[in-house]
Amino acid sequence: MTTLRLILGDQLNPCHSWFTAIDNQVVYTLMECRAETDYVLHHGQKILGIFAAMRDFAQRLNAAGHRVHYLSIDDPMNLNHLEDNVLQLAEQYQCQRIEYQEPDEWRVDLLLSNLKKRFAGAVMGVSSEHFFTERQTGSEFFGQKQWLMERFYRRMRQEHGILMEDNGEPCGGQWNFDEQNREPWRGEVALVPPLLIEHNHEALWQIISTANIKSMGQVDAKHFIWPLNREEALTYLDHFIEQRLLHFGRFQDAMVLDQPFLFHSLLSFALNTKMISPREVIMGAVEAYRQGTAPLNAVEGFVRQILGWREYVRCFYWAHGLEYQAVNYFNHQRQLPEWFWTGKTKMRCLAQAIGQSLDHAYAHHIHRLMIIGNAALLFGLSPQAVSQWYLGVYIDAFEWVEQPNTLGMSQFADGGLLATKPYVASAAYVNRMSNYCKGCSYQFKLREEENACPLNALYWHFHYIHRDQLMKNHRLSMVYRQWQRFDERQQQAILQRAETLLNDWQTC
Ligand code: FAD
């Protein structure tokens, strides 16, 4: 009996139990499909990276003795649709059985469940063996209660014995070291550049271009920097743990002109395509703490991102269904200004954050949350349009992780299911956490004037126009008290400045 096993582009885990034995009755297939490249406008590096990593994976499976059928984008037999390709191959190899690893997205889940209706033989999904949690873990844990990352995270630490003492207490006597982790970087310690392995993928980029696949952003196919297989991902991980984890915590929210990576790990692409597992990444960091080569605040901060946030948003995604995509609590409708596609805006923080997103298909979480997401929310951009942009632009963007982060955490479009208050900030925050404001065309200290930073008036305008929805949130009471301290004239001038900006949002 022949079995066809489908490996998706984000399931490149050579340690999966599927591969422990060579079985001639099993044909593995990977496929480059237009349906997958075209469902959103992706960054060119994302398409190139996924195709290159899939090709690398297929070659290694082949070399290890597995039977592999690779459907490339230029293969005349390619029907360019996952389901159709799978059925065609199942027929070609006369398979009685199709197996797949559970996908991470509703979109693909629905697609694969269709196979059951269309294929006469057996169709079976197996675990991808990647996450700490199951799809339903979050809904079981929270039930009808308010979702809170902190509760979830503590439970995960306890359940998996990560950074825990033998007496059941968290290492260092506390769960969270955030107060040590919010510093700007002013040159106190030297920046350690990440180790980047360069690949030349010009030939593959040519194939992608010839296939006429639309994309955004810059692609330097001759010097492609993202890890493309498990060995490379482990090299990135080791270098991060040895050289950069040390300062990760302290400067994880910092932003510095022309320094897109700072002390971040750059592991999200490798993690989300499953080249490496979250467990081994976490255990590597914990070991550095045990060995005394990285401080607890850095290691805990890093573990929190992966064991906490990453697993939490995945559980949240599965608990909230397909309807979540349409949430729009503030009914924001503006389309994205042109500068989302070019980075050409007079606001220096946005020019930096968007510019590096377009250059590298990467930005760290504060750029995503407090620069780009903040501006999108303050300018009243459609959360769906914003989400599509995030899903396309980042090398690590897959719906299960991108949507809760963008629609929930960043745009508060779910009205507070994921975040307890909107993440918005005025220029004071940007100036505190970065060196972007000095030298910007706008003045970060001004509010009403023509050269005042747009974030300032927009910040107050946002709270003002949404006061019916937000005033009752006790975490915002300070903000509304501060608003009351402005006199009538100031309030009117701020609102007027904001209206002018909103009418002119394309050219800010
Ligand atoms: P580091 O800063 O080194 O963090 C280590 C790891 O922690 C990351 O690799 C990632 O796996 C995990 N992590 C950190 N924060 C989060 C988070 N909020 N949610 C889930 N995992 C997290 N991450 C994605 O992987 N894909 C996305 O599409 C994505 N979209 C985002 C959209 C918005 C609006 C925001 C605010 C955050 C988003 N994130 C997303 C989370 C975070 O920005 C990226 O994981 C991180 O910037 C990747 O860079 P890094 O590997 O250097 O991460």
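Derivation of every value follows stated rules applied to the coordinates shown; laboratory data play no part. As the structure is a computational prediction, the values presented were derived from the model and not from experiment. Using ideal geometry, Cβ is built from the backbone for each residue, glycine included, and neighbour counts are taken over all protein chains shown.
Positive-end ranking of PHE251, LEU476, SER277 along the dipole of the chain, with charges on Cβ about the Cα centre, is headed by LEU476.
Here the chain is treated with +1 on each Lys and Arg Cβ and -1 on each Asp and Glu Cβ, and its dipole about the Cα centre works out to around 1160 debye. Among the GluC sites (Glu not before Pro) in segment 433-508, those located in a DSSP loop and surrounded by at most 15 other Cβ atoms within 10 Å of their own Cβ are GLU449, GLU450. Measuring r between the beta carbons of ARG334 and LYS145 and using R0 = 30 Å, the FRET efficiency lands at 0.30.
Rounded if a/c is under 1.5, else prolate if a/b is larger than b/c, else oblate: which is segment 339-507, with a ≥ b ≥ c the root eigenvalues of its Cα gyration tensor? Oblate, since a/c reaches 1.5 and b/c is not below a/b. Among the GluC sites (Glu not before Pro) in segment 189-250, those placed in a DSSP loop whose Cβ has at most 16 other Cβ atoms within 10 Å are GLU198. For the listed residue pairs LYS222/LYS344; LYS438/LYS472; LYS346/LYS421; LYS116/LYS274; LYS116/LYS145, the alpha carbons are over 31 angstrom apart in LYS438/LYS472; LYS116/LYS145.
Simple rule: put +1 on each Lys or Arg Cβ and -1 on each Asp or Glu Cβ in segment 3-126, find the dipole, and look at HIS81, GLY49, SER17; the Cα lying farthest toward the positive end is SER17.
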